[in-house]
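The values are calculated or read from the model by the stated rules, or taken from the named source; none is laboratory data. Keep in mind that what you see is a predicted model, and the values were worked out from it rather than measured. Glycine also receives a Cβ, built like all others from the backbone with ideal geometry; neighbour counts cover every protein chain displayed. Quick note on the areas: whole protein, heavy atoms, side chains included, nothing else; ligands and nucleic acids left out. Shrake-Rupley method; radii C 1.70, N 1.55, O 1.52, S 1.80 Å.
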Amino acid sequence: MTDRSVVKVRIARRGPLVGRLRVPGDKSVSHRALILAGLAHGTSTITGLSAGLDVHHTRQIMAAMGVRIDEADDTRADQPVGTLTVLGGELHEPREVLDVGNSGTGARLLAGVCAAQPFLSVIAGDESIAARPMDRVAEPLRQMGAHIDGRDGGRYTPLVIRGGSLRGIDYTPPVASAQVKSAVLLAGLGADGPTVVREPVTTRRHTEEMLAEHGGEVTVQPDGSGGSVITLIPGSVSPGDFAVPGDPSQAAFWICAAAAIPGSDVTVENLYLSPERSGFLEVLLRMGADLMVDRAAGVVRVQGAELAGVVVEGAELPDLIDEVPALSIAGALAISGALEFRGAGELRTKESDRIETVAAMLSALGATVSTGADSLAVQAGTLSPGFVESHHDHRIAMAAAVATCGLAGDGHVTISGWDAVATSYPSFLDDLDTLSAPR
Ligand code: S3P
């Protein structure tokens, strides 16, 4: 096996972030586009798919179950470059282990897909995936009638799934997780009756929205106290066009850093800014950021300002859970106070234990940080050159990289395990060069 920790980059101190850009396709939407297009009987097209390895794994997995995915003919004037055509329909039993790579979203959503199929499938991934909790999907999928086994009784991958003949359930996930909701809904497509998911805190709604746009019978009702009740009637998905917008979680690196670095002026276009994906913008505004947000157009403009730390907790967290590493850079470069995340234990279940790895990354760059069982507090101050370990976590590596635009002293940030960035944002360093020059 390759020793991934030896892939290092050394990024020199840079100036403020200035410019306009479109970020790559949204990872969450990309996984779902491949899955739904693969389940739909007929030909679909996908444009703007994420070029990250996580999504590539989902593409390979759908292909391994019989979905035909091709690059579309680029000479056609009516199709953007990079369009994929997907011929979906009946899935078949895969001959090989379904390798999700580093992708928790892939593992959990595909567990839902496989649970509804009358065949055997085995889902596995890399070392990080092997440490991430899978009982959160195994449990409801078993309630629906799927046979699921795995390491430690199905708590961890590899997951072995014998699916088919599911019944609809009425389920309230014990954790606020769009992945769990989505796994249950995708399985529910093949159940014998309605599936209901009750979310006490509403999480990203891509699955229900995309299902509704592509022929699924799904309704979403507010539960009256901030949550949602999603009801799905089993049925098929219709083929069609899937357009993947830019990823707000990738844009967050540029936006959060620019917000805290004087002289920065960045505009990001092509974003899908639903409330469940843009909690980080609300936090930046509370910190005093100079932001202009046009949700309908999907555009955010940010200019550097003097920020102050704030407390982030409760129902806010699912709306920004992936943006904590990026926000932590804004917190560390703020002028006063502490940026505190409370009740954020879910951070420990991500690509790395992000309470520990964000703290280690910031400490390595000279920030003052404290951690608790489910909390992280970042003191306002300065960041200086240093050596950061990504812990195979793309977002830790990217947060450390963008910190180079706000370093207090001359020097470099060296990041070990940089290859993790390929899982979501292979062109990150090109975009860093577009927005900021070494000085
Ligand atoms: C995702 C949901 C979130 C998020 C992940 C992508 C999705 O996970 O952290 O990066 O696409 O559904 P949880 O819903 O498990 O918190």
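Considering Cα pairs under 8 angstrom that are at least six residues apart, work out the relative contact order of the stretch 281-439 and quote it in whole percent. Walk me through the numbers before you get to the answer.
On the way: 291 pairs, mean separation 26.9, N = 159.
So the answer I get is 17 percent.
When DSSP assigns beta bridges and you keep just the ones with both residues in the chain, what percent turn out antiparallel, to the nearest 5?
Taking every DSSP beta bridge with both residues in the chain, the antiparallel ones total about 70 percent.
Keeping all protein chains in place, calculate the accessible area per residue for the stretch 130-274 (probe 1.4 angstrom), answer in Å². Show your work: numbers first, answer last.
On the way: 5120 Å² over 145 residues.
Ligands and nucleic acids excluded, the figure is 35 Å² per residue.
Which distance in nm do the two modelled labels at residue 363 and residue 97 give, with both placed 7 Å along the Cα-to-Cβ direction?
3.4
May I ask you to evaluate 6.51 cos²θ - 1.76 cosθ + 1.60, the Karplus curve with θ = phi - 60°, for each residue of the stretch 308-323 and list the ³J(HN,Hα) values in order in whole Hz, giving x for glycine and proline?
10, x, 9, 9, 10, 7, x, 5, 5, 4, x, 6, 9, 4, 7, 9
Once you keep just the Cα pairs under 8 angstrom separated by 6 or more residues, what percentage relative contact order results for the stretch 27-243?
Taking the mean separation of contacting Cα pairs over the length of the stretch 27-243, I get 20 percent.
How long is the gain from residue 371 to residue 172 if the chain were fully straight, where each residue apart is worth 0.36 nm and the alpha carbon distance is subtracted?
That works out to 68.7 nm of additional length.
Quick one: net charge around residue 138, please, counting Lys, Arg +1 and Asp, Glu -1 for every other residue with C-beta under 13 Å from its C-beta.
Residues close to residue 138 contribute a combined charge of +3.
Per residue, what volume in Å³ does the Cα convex hull of the stretch 306-439 take up? Numbers along the way, then the final one.
Working: hull volume 13.3 nm³, N = 134.
In the stretch 306-439, the Cα hull volume divided by residue count equals 99 Å³.
Considering only the other residues whose Cβ falls under 11 Å of the Cβ of residue 198, what net charge follows from Lys and Arg at +1 and Asp and Glu at -1?
That sum, taken over residues with Cβ under 11 Å, equals -2.
Excluding residues fewer than 8 places away in the same chain, name every one of the lysines whose C-alpha is closer than 30 Å to that of residue 8.
27, 350
If I compute solvent accessible area with a 1.4 Å probe over the protein chains, what percent of it on the chain is carbon and sulfur?
Result for the chain: 51 percent of the exposed heavy-atom area is carbon or sulfur.
Hey, can you grab everything whose amide H is under 5 Å from the amide H of residue 241? Only 5+ residues off in sequence or another chain; H modelled, so Pro and N-termini drop out.
Residues meeting the criterion, in which the H sits 1.01 Å from N, are 45.
Compute the FRET efficiency between residue 20 and residue 306 as 1/(1 + (r/R0)^6), taking r as their Cβ-Cβ distance and R0 = 25 Å, and round to the nearest 0.05.
Once rounded, the FRET efficiency stands at 0.60.
Out of residues 5 or more away from residue 72 or on other chains, whose amide H comes under 5 Å of its own, with H placed 1.01 Å from N in the peptide plane?
83, 84, 85
Using the Cβ atoms and a cut-off under 10 Å, what net charge is assigned to the surroundings of residue 24, where Lys and Arg are +1 and Asp and Glu are -1?
Details: positive: 22, 27; negative: 26, 247, 431.
Net of charged neighbours comes to -1.
How big is the C-alpha Rg of the chain next to the rule-of-thumb value 2.2 N^0.38 Å, as a ratio?
0.95
So how far apart, in nm, are the two label points at residue 51 and residue 152 if each is 7 Å from Cα heading toward Cβ?
3.7
Using only the alpha carbons, work out the radius of gyration and Dmax of the stretch 13-157 in angstrom.
Looking at the stretch 13-157, its Cα Rg and Dmax stand at 17.3, 56 Å.
Which distance in Å, rounded to a whole number, links the C-alpha centroids of the stretch 257-313 and the stretch 172-202?
Distance between centres, Cα-based: 31 Å.
For a quick check: with amide H placed at 1.01 Å from N, whose amide H comes under 5 Å from residue 216's, ignoring anything fewer than 5 positions away on the same chain?
Residues meeting the amide H criterion: 238.
Considering every Cα-Cα pair within the stretch 93-221, what fraction, in whole percent, is farther apart than 17 Å?
53
Let me have the relative contact order for the chain, percent, based on Cα pairs under 8 Å that are six or more residues apart.
Reported as a whole number, the value is 19 percent.
Using unit Cβ charges (K, R positive; D, E negative) and no other charged atoms, how large, in debye to the nearest 20, is the dipole of the chain about its Cα centre?
380
Can you give the extra length, in nm with one decimal, that the chain gains between residue 433 and residue 229 once fully stretched, where that is 0.36 nm per residue apart less the Cα-Cα distance?
Numbers: separation 204, 0.36 × 204 = 73.44 nm, distance 4.40 nm.
69.0 nm is the gain from fully extending residue 433 to residue 229.
Return the distance in nm (one decimal) between the two label points of a simple spin-label model at residue 243 and residue 348, each offset 7 Å from Cα along Cα→Cβ.
Spacing of the two 7 Å Cα→Cβ label points: 4.3 nm.
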